[in-house]
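Chemist: Please find one structure pasted underneath; my questions will follow.
The values are calculated or read from the model by the stated rules, or taken from the named source; none is laboratory data. Just so it is clear, the model here is predicted, and its values are computed rather than measured. Note that we place each Cβ from the backbone using ideal geometry, even for glycine, and neighbour counts take in every protein chain shown. Note: accessible area is taken over every heavy atom of the protein model, side chains too, but ligands, DNA and RNA are not part of it. Shrake-Rupley method; radii C 1.70, N 1.55, O 1.52, S 1.80 Å.
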Amino acid sequence: MTDADPYMRERYDMVEHQIQARGVSDPRVLAAMRKVPRHLFVPPPLARAAYQDRPLPIGEGQTISQPYIVAVMTELLELKPSDRVLEVGTGSGYQAALLAELADRVISVERLPGVAEQARENLARAGITGVRVIVGDGTEGYLEEAPYDGIVVTAATPAVPEPLIEQLAEGGRLVAPVGSRDMQDLVKVVKSRDGQVSRFTFGGVCFVPLIGRYGWKEEGFP
Ligand code: SAM
């Protein structure tokens, strides 16, 4: 532990006990999680809870996801250093920071302007470059920078938004929590070199809703 990084021990413990111990084994993902200072991506009063095995509130009813789930979703993306990645749901910017460690370019779309601005500040504070945060409806993807080798949706969706499948490169991988507003499965979509799409389902998760044209309607709206 150093003054510059007072949470290094907790971060290494998080990776060993919460992530490696539960079967995440990609060495690049584990190294990124040891490196990115998660405590800089939570509201300052919650910094001491940043390495606990749970999601935390980040304001505006949104959350930074549980470290283990972030690790699983990141591993499922199978990123290479040359990859271009789209994240839908910037939230705190923490997962975008990890993606930036593993890929060449990261575009992250966030629906709420205040959340996006805080994420930009968090990323700058953590010294992370290589992430472009865009305000918009990520269910429509981000056509300007498509196609993407990896797409991760970090909010619960009733179905994988069609534009995201269209914006996935041949050979690309997409990971999303798909299900009801209360409970979802992690779904991985792989687009083969000849454009065929295959789907694989993993265990249950619980995310805040993806609200947009190809997601859920805002609560209180028909
Ligand atoms: N990946 C984030 C992190 O590392 O902190 C956690 C994301 S949080 C669980 C889900 C985020 O998705 C929220 O910030 C929410 O505002 C955002 N969101 C919901 N619907 C969206 C949409 N249609 N487009 C973009 N972002 C959306």
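Chemist: Could you give the size of the charge dipole of the stretch 15-116 about its Cα centre, using +1 on the Cβ of each K and R and -1 on the Cβ of each D and E, expressed in debye and rounded to the nearest 20?
Modeler: Dipole of the stretch 15-116, to the nearest 20 debye: 180 debye.
Chemist: Right, something else. Under a 10 Å cutoff between Cα atoms, tell me which one of 146, 97, 119 has the largest fluctuation in the Gaussian network model of the chain.
Modeler: So, out of 146, 97, 119, the one fluctuating most is 146.
Chemist: Would you mind getting the accessible area per residue of the chain, heavy atoms of the protein chains only, 1.4 Å probe, in Å²? Intermediate values should be presented prior to the final figure.
Modeler: Numbers: 10320 Å² over 222 residues.
On a per-residue basis, 46 Å².
Chemist: Residue 35: which lysines have alpha carbons under 19 Å from its alpha carbon, excluding same-chain residues fewer than 8 sequence positions away?
Modeler: 80
Chemist: Rounded if a/c is under 1.5, else prolate if a/b beats b/c, else oblate: with a ≥ b ≥ c from the C-alpha gyration tensor eigenvalues square-rooted, which is the stretch 79-157?
Modeler: On the way: a/c = 1.72, a/b = 1.06, b/c = 1.63.
The shape class here is oblate.
Chemist: Output the peptides 37-45, 82-90, 64-72 sorted from most to least packed, where packing is the average of other Cβ atoms within 10 Å over each peptide's residues.
Modeler: Working: 37-45: 18.2, 82-90: 24.4, 64-72: 21.4.
With the highest mean Cβ count within 10 Å placed first, the list reads 82-90, 64-72, 37-45.
Chemist: If R0 is 22 Å, what FRET efficiency do you get for residue 132 and residue 202 from their C-beta distance, rounded to 0.05?
Modeler: Numbers: r = 28 Å, r/R0 = 1.28.
The pair residue 132/residue 202 has a calculated efficiency of 0.20.
Chemist: If you roll a 1.4 Å probe over the chain with all protein chains in place, what percent of the accessible area is carbon or sulfur? Mind dumping the intermediate values first?
Modeler: Working: 5360 of 10320 Å².
The computed percentage sits at 52.
Chemist: When only the heavy atoms of the protein chains count and the probe is 1.4 Å, how do 51, 142, 214 rank by accessible area, highest first? Don't skip to the answer; put the middle values down first.
Modeler: On the way: 51 10, 142 35, 214 80 Å².
Ranked list, largest accessible area first: 214, 142, 51.
Chemist: 5 Å is the cut-off here: which amide hydrogens, built 1.01 Å from N in the peptide plane, fall below it relative to residue 130, excluding neighbours closer than 5 in sequence?
Modeler: Residues meeting the criterion, in which the H sits 1.01 Å from N, do not exist here.
Chemist: Do you know the relative contact order of the stretch 66-205, to the nearest whole percent, from alpha carbon pairs under 8 angstrom that are 6+ apart? Write down the numbers at each step before the final one.
Modeler: Numbers: 304 pairs, mean separation 28.4, N = 140.
Taking the mean separation of contacting Cα pairs over the length of the stretch 66-205, I get 20 percent.
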